[in-house]
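The values are calculated or read from the model by the stated rules, or taken from the named source; none is laboratory data. Keep in mind that what you see is a predicted model, and the values were worked out from it rather than measured. Because the Cβ atoms are built from the backbone with ideal geometry, glycine has one as well, and the counts that use them run over all protein chains shown. To get the accessible areas, we keep the full protein, side chains included, count just its heavy atoms, and leave off ligands, DNA and RNA. Shrake-Rupley method; radii C 1.70, N 1.55, O 1.52, S 1.80 Å.
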Amino acid sequence: MSAPLRIANASGFYGDRASAMYEQLTGGEIDVLTGDYLAELTMLILGRDRLKDPKLGYAKTFLRHLESTLGTALERGVRIVANAGGLNPAGLAAAVRILADNLGIDVAVAHVEGDDLRARAGELGLGEPLAANAYLGAWGIADCLAAGADVVVTGRVTDASLVVGPAAAHFGWTRTSYDELAGAVIAGHVIECGPQATGGNYAFFRELPALDRPLGFPIAEVHADGSSVITKHPGTGGAVTVGTVTAQLLYEIGGARYAGPDVTARFDTVTLSDDGPDRVRISGVRGEPPPPTLKVGLNTLGGFRNEVTFVLTGLDIEAKADWLRSQLASLDATWTLARTDHPDAAVQEEAAALLHCVVRGIDPKALGRAFSGAAIELALASYPGFHVTAPPGEASPYGVFSAAYVPASEVPHVAVHPDGARVDIVPATDVLELAPVAEPPVAGVAAGPTRAVPLGLVAGARSGDKGGSANVGVWARTDEAFRWLTSALTVAEFQRLLPETAALPVTRHALPNLRALNFVVEDVLGQGVASNARHDPQAKAIGEWLRSRVVDVPEVLL
């Protein structure tokens with residue numbers, strides 16, 4: 001078997017650890033260094049940057065990180081691939097060249113463009129968004145690397161494309177190497193969020209070693225057949241285990257078919273196995289032709305919002321909240337009462353509940369001092385113990401995210417080589433519409449005594465956001481526990497345990513190969529993370545809420 005391609009990640013979001021790029025370059029041998037900077041919220045942030053200055057629209061931190069590491073990368077023969085180009089990949093590529101010139105470094109910089117559809121939004125029936133970006137695939141990246149690029153920056157590509165592109169270029173995969181491409185997609189999905197693969201946001205974090213140091217960023221050793229080993233540099237914090245990899249696999253997914261622009265990866269074919277300390281092997285992944293459409297992320301300015309949080313202390317919490325709401329009944333507001341109070345509290349803060357009042361509209365003046373002033377004017381004329389968590393402020397703009405789908409043939413995909421040559425990347429011609437995967441039958445567990453305990457004693461969970469929806473992946477750690485989980489954690493039971501989801505559409509997907517169930521909850525996040533529709537607007541903690549709920553668990557599993 002030929003040597004694997006060692007692809008490291010150094011960024012999971014815009015604002016990730018500044019030292020990660022240097023740590024990955026100097027901590028051990030790697031071949032490619034990738035960085036994922038683009039979340040749905042990031043595209044809105046970059047869109048607002050571009051409104052202020054058309055030369056911006058890219059992740060500026062990428063340049064700062066590159067300033068101290070570009071020379072090291074070139075000396076070590078490490079190529080850099082990042083989606084930090086955001087809404088302006090050509091602008092970032094030019095900025096990288098200027099940086100290299102200032103450093104006295106000769107570097108070949110390429111970029112991928114075509115994803116920005118804002119100018120054609122009306123023609124494509126996409127409205128008038130602040131940003132409209134199609135999710136491109138990996139072949140533009142592969143073409144740039146084949147042309148000799150040392151650094152490739154892109155706009156919106158699928159997160160996994162940052163791994164698929166280098167692997168496809170290195171191993172010479174073709175457009176129909178579906179199993180190999182799907183394997184690289186799975187590897188890319190695991191490492192795209194940085195240290196979430198090495199213990200970050202991990203349900204069983206108390207089992208992890210080396211928590212006295214920063215968690216290591218992950219590395220995927222990708223092989224020619226598409227299999228991979230997930231690992232990290234020696235001496236870094238956290239761990240790579242079947243559990244940490246399972247958790248990350250369940251992050252922000254839907255059903256068993258995981259669609260992308262180049263391949264549909266079958267999550268129900270993934271096999272994980274221990275390959276030694278801090279090494280987990282991924283194998284058996286099957287791929288299918290991609291669907292004929294590309295996802296387009298649409299970000300618009302939804303209006304303005306403002307909020308005040310009132311502190312209600314001691315007795316009569318509900319009555320205090322009712323009185324305050326009636327005093328401000330003229331406001332078109334969303335009210336949320338968080339019962340964080342405890343009876344007979346020995347500390348004042350533990351006796352307090354929080355009443356959140358959020359207003360939205362199109363007039364920032366009406367939502368600014370006029371709103372906050374009306375709330376604060378009640379300071380001497382409302383419930384006993386009146387106070388707020390912070391001084392009121394001006395209204396701020398908020399964003400709305402939605403997704404659309406357009407034929408892949410309508411989206412340009414252009415690789416711009418270091419010498420300026422432009423190569424059009426043709427869309428996939430062998431395509432396959434997505435179809436749901438039937439849930440396989442799983443035997444239950446034998447009847448026996450049970451004990452009422454938190455679900456988290458026998459199951460892990462990882463949750464995240466996709467537009468206005470959230471996913472909650474739940475996994476068991478033994479076959480017997482998974483059989484029980486499958487029979488016990490139905491959609492109805494999920495909604496009972498999480499009452500906020502009771503009136504919302506919830507779909508369950510089973511992944512027996514991972515001993516996992518994935519629940520997709522539609523509309524729980526309103527119009528997306530930037531709209532701040534709820535506490536925990538990115539749904540990062542819904543899984544931990546579910547794990548804290550008490551259920552009847554067979555004693556044989558405890």
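Worth a mention:
Every residue, every condition in (1) closer than 17 Å to residue 83 by Cβ; (2) of a type in the set (Ser, Thr, Tyr); (3) open to solvent by 30 Å² or more (accessible area, probe 1.4 Å), yes or no:
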{"position": "12", "(1), (2), (3)": "yes, no, no"}
{"position": "15", "(1), (2), (3)": "yes, no, yes"}
{"position": "24", "(1), (2), (3)": "yes, no, no"}
{"position": "29", "(1), (2), (3)": "no, no, yes"}
{"position": "36", "(1), (2), (3)": "yes, no, no"}
{"position": "39", "(1), (2), (3)": "yes, no, yes"}
{"position": "47", "(1), (2), (3)": "yes, no, no"}
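- Spans of strands (runs of 3 or more DSSP E) in the stretch 431-540 with at least 2 residues closer than 19 Å to residue 255 by Cα: 459-466, 469-476, 506-511, 516-521
- In the stretch 530-550, residue least open to solvent (accessible area, probe 1.4 Å) [restricted to those that are more than 21 Å from residue 258 (Cβ to Cβ) and hydrophobic (A, V, I, L, M, F, W, C)]: 546
Residue-wise test of (1) within 24 Å of the chain's Cα centre (by Cα); (2) crowded, with 23+ Cβ neighbours inside 10 Å; (3) assigned to a loop (DSSP other than H, G, I, E, B); (4) at pLDDT below 95.
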position: 141; (1), (2), (3), (4): yes, yes, no, no
position: 164; (1), (2), (3), (4): yes, yes, no, no
position: 181; (1), (2), (3), (4): yes, yes, no, no
position: 187; (1), (2), (3), (4): yes, yes, no, no
position: 201; (1), (2), (3), (4): yes, no, yes, no
position: 206; (1), (2), (3), (4): yes, no, no, no
position: 209; (1), (2), (3), (4): no, no, yes, yes
position: 219; (1), (2), (3), (4): yes, yes, no, no
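- Among residues that are of a type outside the set (Lys, Arg) and surrounded by fewer than 24 Cβ atoms within 10 Å (Cβ to Cβ), residue 176 is included.
- For the stretch 143-157, the tally of residues that are farther than 18 Å from residue 424 by Cβ and open to solvent by 30 Å² or more (accessible area, probe 1.4 Å) stands at 2.
- If you filter the stretch 439-463 down to residues that are at pLDDT 95 or above and among the small types (Gly, Ala, Ser), you find that the one that is most open to solvent (accessible area, probe 1.4 Å) is 452.
- Total residues in the stretch 421-438, condition touching a helix residue (DSSP H, G or I) at 6+ places or on another chain (Cβ under 6 Å) and either among the polar types (S, T, N, Q) or open to solvent by 50 Å² or more (accessible area, probe 1.4 Å) (or both): 1
- From the options 234, 261, 277, 291, residue that is of a type outside the set (Asp, Glu), surrounded by fewer than 22 Cβ atoms within 10 Å (Cβ to Cβ), in a loop (DSSP other than H, G, I, E, B) and within 23 Å of the chain's Cα centre (by Cα): 291
- Whether a residue is modelled with pLDDT of 95 or more, farther than 20 Å from residue 536 by Cβ and open to solvent by 60 Å² or more (accessible area, probe 1.4 Å) was assessed, and residue 363 does not pass this test.
One line per residue, one yes/no per condition, for (1) surrounded by 17 or more Cβ atoms within 10 Å (Cβ to Cβ); (2) more than 30 Å from residue 81 (Cα to Cα):
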site: 384; (1), (2): no, yes
site: 389; (1), (2): no, yes
site: 393; (1), (2): no, yes
site: 406; (1), (2): yes, no
site: 419; (1), (2): no, no
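- Any hit, the stretch 311-329, residues being open to solvent by less than 40 Å² (accessible area, probe 1.4 Å), out of contact with any His (no Cβ under 6 Å at 6 or more places or on another chain) and of a type in the set (Asp, Glu): no
- Single condition residue 330 does not satisfy, out of (1) within 25 Å of residue 500 (Cα to Cα); (2) of a type in the set (S, T, N, Q); (3) not in a strand (DSSP E or B): (1)
- Neighbours by Cβ (under 6 Å, 6+ apart or cross-chain): first from the stretch 231-247, on the phi > 0 side of the Ramachandran plot; second crowded, with 22+ Cβ neighbours inside 10 Å: 238/198; 238/199; 238/215; 238/216
- Failed item in (1) crowded, with 18+ Cβ neighbours inside 10 Å; (2) closer than 19 Å to residue 150 by Cα, with residue 68 passing the rest: (1)
- Every residue from the stretch 237-256 that is over 18 Å from the mean Cα position of the chain (by Cα) and either open to solvent by 20 Å² or more (accessible area, probe 1.4 Å) or modelled with pLDDT under 95 (or both): 241, 242
- Pairs with Cβ under 8 Å, 6+ apart, first in the stretch 67-85 and part of a helix (DSSP H, G or I), second open to solvent by 50 Å² or more (accessible area, probe 1.4 Å) and among the hydroxyl-bearing types (Ser, Thr, Tyr): 72/22; 72/26
- Pair list, Cβ < 8 Å and 6+ apart or interchain, from the stretch 391-411 residues that are under 30 Å from residue 365 (Cα atoms) to residues that are assigned to a strand (DSSP E or B) and among the hydroxyl-bearing types (Ser, Thr, Tyr): 399/300; 400/300; 402/300
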